[in-house]
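One structure is given below, encoded as structure tokens.
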Amino acid sequence: MGMGYPLHLLDLLAKLDKKQLVTVKIAGTLLEWFPLRKRVRQVCVLSPYKFNILAGMVMMDLKVDYKLEGE
């Protein structure tokens, strides 16, 4: 399942998106912190890497399923 990635690294990446608090600045004033409901950060430099890891895992699962059905 880890596709060669260390499990502790995958666990760390998963934990980055949990229980995030965010704030908004309006006219120079920060509002109160609140929990983030949607877990897609638009400015995260790790997003392309996380996408590639997930897409690779899905493709490996599809490949395994296809081989099992094709036999």
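The values are calculated or read from the model by the stated rules, or taken from the named source; none is laboratory data. This one's a predicted model, so the numbers in the text were calculated from it and none came from an experiment. A quick note on method: Cβ atoms are made from the backbone with ideal geometry, for glycine too, and the neighbour counts reach across all protein chains shown.
Checking the conditions here, which among Asp65, Asp61 is under 24 Å from Asp17 (Cα atoms) and either touching a Gly at 6+ places or on another chain (Cβ under 6 Å) or modelled with pLDDT under 80 (or both)?
That would be Asp61, the only listed residue that is under 24 Å from Asp17 (Cα atoms) and either touching a Gly at 6+ places or on another chain (Cβ under 6 Å) or modelled with pLDDT under 80 (or both).
Say whether the condition of being surrounded by 10 or more Cβ atoms within 10 Å (Cβ to Cβ) and either within 16 Å of the chain's Cα centre (by Cα) or modelled with pLDDT under 75 (or both) is met by at least one residue in segment 21-35.
no
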